[in-house]
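Engineer: Handing you a structure now.
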Amino acid sequence: MSHFNILVVYPHPADSATEASGTVALHAERGDKVTSVVATYGERHHMQWIADQKAKPEGERDPDLATMTIEDYRQFKKRETERIADVLGVHDLIMLGWTDHEIYFDLDKVHEIADLIRKVKPDIVITHYPWADGPTINDHPSTGRIVMKAIEVANNRVREFDGVDAYHGIKQVFFSFAGGEEINSNDFFIPGIVPDLWVDTTPVIHKKVKAIDQLASQGYEGETARWIVEARDGRWGMNAGCAYAEPFLRPTAIRYDSLPMPPSVLGVEHEPTELHSGRGTARNVPSATPPEAYRLKP
């Protein structure tokens with residue numbers, strides 16, 4: 001296969017920038033088609049813009065704040081999501097409009113994603129790691145579980161019973177992480193969830209920073225974007241032997257025709273010390289937050 005058709009499914013706009021966005025940018029650059037599905041508008045997550053506006057003297061606030069409705073704020077978040085997709089090179093963006101903080105496992109949602117799978121016909125699916133719930137039902141793993149059940153549903157449709165054909169074209173699922181479930185290690189003997197592969201995102205790390213820069217609603221832009229990438233993606237890069245990386249875990253083991261030896265392994269040469277020189281630095285990426293990112297209405 002020369003090009004992949006990739007479906008990415010996340011619960012919130014921010015996830016499309018902070019999770020596997022570097023990997024998405026890499027695949028978009030190589031000509032793969034990426035469809036990004038964002039389940040909610042994220043209207044109840046990290047409402048920093050509203051807090052910042054309320055902290056200002058009344059005369060300095062956005063004039064639309066006083067009459068803001070939840071639909072106004074959802075459209076504000078939608079425009080952020082569209083800018084993220086543009087930065088990353090996403091081919092199609094689909095926003096489902098589910099209720100933020102209320103993503104539960106139900107058949108309507110499963111069937112909605114199954115219908116999308118049949119429509120998009122992806123080779124690869126990227127979604128959130130589905131087994132990361134704490135004492136509550138969290139949107140991130142709930143979305144991952146819905147996607148996995150939707151794949152099963154799409155695989156088991158029968159035209160004579162359901163009026164549609166089954167779709168068996170998904171070659172691989174990759175789970176990404178929100179930043180807390182995985183063990184920060186590449187050692188499989190350490191207890192916990194250890195990613196089974198890492199993608200070197202160093203060549204496109206500037207795009208990931210710029211994607212996070214669009215999230216002014218959550219206060220993620222500017223210094224925070226650079227701190228997130230340096231502290232987390234930089235740490236992942238240390239584990240993977242590069243400057244910046246993103247971790248993934250596959251739901252099943254992979255069968256190879258021979259022992260896998262990619263160029264990143266074959267090209268390794270001994271270095272007395274792993275140095276950062278020549279690898280670029282995320283903190284030096286110029287701001288990509290447009291002025292309209294701070295206005296409720298366009």
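Engineer: Could you identify the single residue in K208, K297 that is charged (D, E, K, R) and closer than 29 Å to V147 by Cα?
Structural biologist: Values: K297 fails: closer than 29 Å to V147 by Cα.
Just one listed residue meets the conditions, K208.
Engineer: Looking at V204, V199 in this structure, which one is outside any helix (DSSP H, G or I) and under 30 Å from K78 (Cα atoms)? It would help to see each step written out before you state the result.
Structural biologist: Details: V204 fails: outside any helix (DSSP H, G or I).
Among V204, V199, only V199 is outside any helix (DSSP H, G or I) and under 30 Å from K78 (Cα atoms).
Engineer: Taking region 263-283, which residues are in a helix (DSSP H, G or I) and free of Cβ contacts under 8 Å to residues at least 24 places away in the same chain? It would help to see each step written out before you state the result.
Structural biologist: If we filter region 263-283 for residues that are in a helix (DSSP H, G or I), which is where we start, we get 263-266, 282-283.
P263, V265, L266 - these are the residues of region 263-283 that are in a helix (DSSP H, G or I) and free of Cβ contacts under 8 Å to residues at least 24 places away in the same chain.
Engineer: In addition: Quick one: in region 232-247, which of the residues that are among the hydrophobic types (A, V, I, L, M, F, W, C) and within 17 Å of the chain's Cα centre (by Cα) is farthest from P286 (Cα to Cα)? Show your work before the answer.
Structural biologist: Residues of region 232-247 among the hydrophobic types (A, V, I, L, M, F, W, C): 236, 238, 240, 242-243, 245.
Now restrict to residues that are within 17 Å of the chain's Cα centre (by Cα): 236, 245.
Values: W236: 22, A245: 20 Å.
Checked region 232-247; the qualifying residue farthest from P286 (Cα to Cα) is W236.
Engineer: How many residues are more than 25 Å from Q53 (Cα to Cα) and either more than 24 Å from the chain's Cα centre (by Cα) or not in a loop (DSSP other than H, G, I, E, B) (or both) when one looks only at region 284-298? Outline the logic, then answer.
Structural biologist: Filtering region 284-298 for residues more than 25 Å from Q53 (Cα to Cα) gives 284-285.
Filter once more, so that each one left must be either more than 24 Å from the chain's Cα centre (by Cα) or not in a loop (DSSP other than H, G, I, E, B) (or both): 284.
Residues meeting the conditions: 1.
Engineer: Could you run through region 85-101 and say how many residues are among the acidic types (D, E) and touching a residue at least 12 places away in the same chain (Cβ under 8 Å)? Spell out how you get there, then give the answer.
Structural biologist: Restricting attention to region 85-101, the residues satisfying the condition of being among the acidic types (D, E) are 86, 92, 100.
From what is left, the residues that are touching a residue at least 12 places away in the same chain (Cβ under 8 Å) are 92, 100.
Number satisfying all stated conditions: 2.
Engineer: Of the residues that sit in region 63-107 and are acidic (D, E) and touching a Ser or Thr at 6+ places or on another chain (Cβ under 7 Å), which one is farthest from P290 (Cα to Cα)? Walk me through how you get there before you give the answer.
Structural biologist: Going residue by residue through region 63-107, those that are acidic (D, E) are 64, 71-72, 80, 82, 86, 92, 100, 102, 106.
When the remaining residues are screened for being touching a Ser or Thr at 6+ places or on another chain (Cβ under 7 Å), the result is 80, 92, 100.
Values: E80: 10, D92: 22, D100: 25 Å.
The residue in question is D100.
Engineer: Next question, about the same structure. Are any residues in region 19-41 more than 17 Å from S217 (Cα to Cα), free of Cβ contacts under 8 Å to residues at least 60 places away in the same chain and part of a strand (DSSP E or B), and if so, which ones? Show your work before the answer.
Structural biologist: Of the residues in region 19-41, the ones more than 17 Å from S217 (Cα to Cα) are 19-37, 39.
When the remaining residues are screened for being free of Cβ contacts under 8 Å to residues at least 60 places away in the same chain, the result is 27, 30-34, 36.
Residues satisfying the conditions are K33, V34, S36.
Engineer: I've got another one for you. Filter region 136-175 down to the residues that are at pLDDT 95 or above and in contact with a strand residue (DSSP E or B) (Cβ under 6 Å, 6 or more places away or on another chain), then identify the one that is surrounded by the fewest Cβ atoms within 10 Å (Cβ to Cβ).
Structural biologist: Going through the qualifying residues, I end up with Q172.
Engineer: Condition first: among the aliphatic types (A, V, I, L, M) and crowded, with 23+ Cβ neighbours inside 10 Å. Now tell me which residues in region 126-135 satisfy that.
Structural biologist: Within region 126-135, the subset among the aliphatic types (A, V, I, L, M) is 126, 132.
I126, the sole residue that qualifies.
Let's see how each residue does on (1) buried (at least 17 other Cβ atoms within 10 Å of the Cβ); (2) among the acidic types (D, E):
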| residue | (1), (2) |
| --- | --- |
| L7 | yes, no |
| T18 | yes, no |
| S21 | yes, no |
| V38 | yes, no |
| T99 | no, no |
| E102 | no, yes |
| K109 | yes, no |
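Engineer: Something else now. Are any of the residues in region 269-278 farther than 20 Å from L26 by Cβ, at pLDDT below 95, surrounded by fewer than 16 Cβ atoms within 10 Å (Cβ to Cβ) and polar (S, T, N, Q)?
Structural biologist: Initially, region 269-278 is screened for residues farther than 20 Å from L26 by Cβ, giving 269-277.
Then keep just the ones that are at pLDDT below 95; that gives 269-277.
Then keep just the ones that are surrounded by fewer than 16 Cβ atoms within 10 Å (Cβ to Cβ); that gives 269-277.
Now restrict to residues that are polar (S, T, N, Q): 273, 277.
Looking for residues that are farther than 20 Å from L26 by Cβ, at pLDDT below 95, surrounded by fewer than 16 Cβ atoms within 10 Å (Cβ to Cβ) and polar (S, T, N, Q), one finds at least one in region 269-278, hence yes.
Engineer: Let me ask something else about it. Note down all Cβ pairs under 7 Å where the first residue falls in region 60-84 and is closer than 22 Å to A39 by Cα and modelled with pLDDT of 95 or more, the second is of a type in the set (F, W, Y) and crowded, with 18+ Cβ neighbours inside 10 Å, and they're at least six residues apart or on different chains.
Structural biologist: As it stands, the answer is R74/Y41; K77/Y41; K78/Y41, since those pairs meet every condition given.
Engineer: In contact (Cβ under 8 Å) with a residue 24 or more places away in the chain and at positive phi, is that true of K109? Write out each step before concluding.
Structural biologist: On the way: in contact (Cβ under 8 Å) with a residue 24 or more places away in the chain: yes; at positive phi: no.
So K109 fails the test.
Engineer: Does region 141-163 contain at least one residue that is under 16 Å from the mean Cα position of the chain (by Cα), farther than 25 Å from I254 by Cβ and not polar (S, T, N, Q)?
Structural biologist: no
Engineer: Another question, if that's okay. Could you list, in sequence order, all residues of region 112-137 that are touching a helix residue (DSSP H, G or I) at 6+ places or on another chain (Cβ under 7 Å) and not hydroxyl-bearing (S, T, Y)?
Structural biologist: Of region 112-137, the ones touching a helix residue (DSSP H, G or I) at 6+ places or on another chain (Cβ under 7 Å) are 113-114, 117-118, 125, 127-133.
Once the filter is applied, which keeps residues that are touching a helix residue (DSSP H, G or I) at 6+ places or on another chain (Cβ under 7 Å) and not hydroxyl-bearing (S, T, Y), region 112-137 yields I113, A114, I117, R118, V125, H128, P130, W131, A132, D133.
Engineer: Which residue pairs have Cβ atoms under 8 Å apart, sit 6 or more places apart or on different chains, and have a first residue in region 42-59 that is over 22 Å from E102 (Cα atoms) and a second that is modelled with pLDDT of 95 or more and among the basic types (K, R)?
Structural biologist: Short answer, once both residue conditions are applied: Q53/R61; K54/R61.
Engineer: When residues of region 87-112 are filtered for being within 21 Å of T18 (Cβ to Cβ) and touching a Leu at 6+ places or on another chain (Cβ under 9 Å), how many remain?
Structural biologist: Going through region 87-112 one residue at a time, the tally reaches 2.
Engineer: Let me ask something additional. Does T81 meet the test of being within 13 Å of the chain's Cα centre (by Cα) and in a helix (DSSP H, G or I)?
Structural biologist: So T81 passes the test.
Engineer: Which residues, taken from region 228-253, are touching a residue at least 24 places away in the same chain (Cβ under 8 Å) and assigned to a loop (DSSP other than H, G, I, E, B)?
Structural biologist: Hits for region 228-253 are G241, C242, A243, Y244, R250, P251.
The values are calculated or read from the model by the stated rules, or taken from the named source; none is laboratory data. Fair warning: this is a prediction, and the values are worked out from it, not measured in the lab. Glycine gets a Cβ as well: all are built from the backbone with ideal geometry, and neighbour counts include every protein chain shown.
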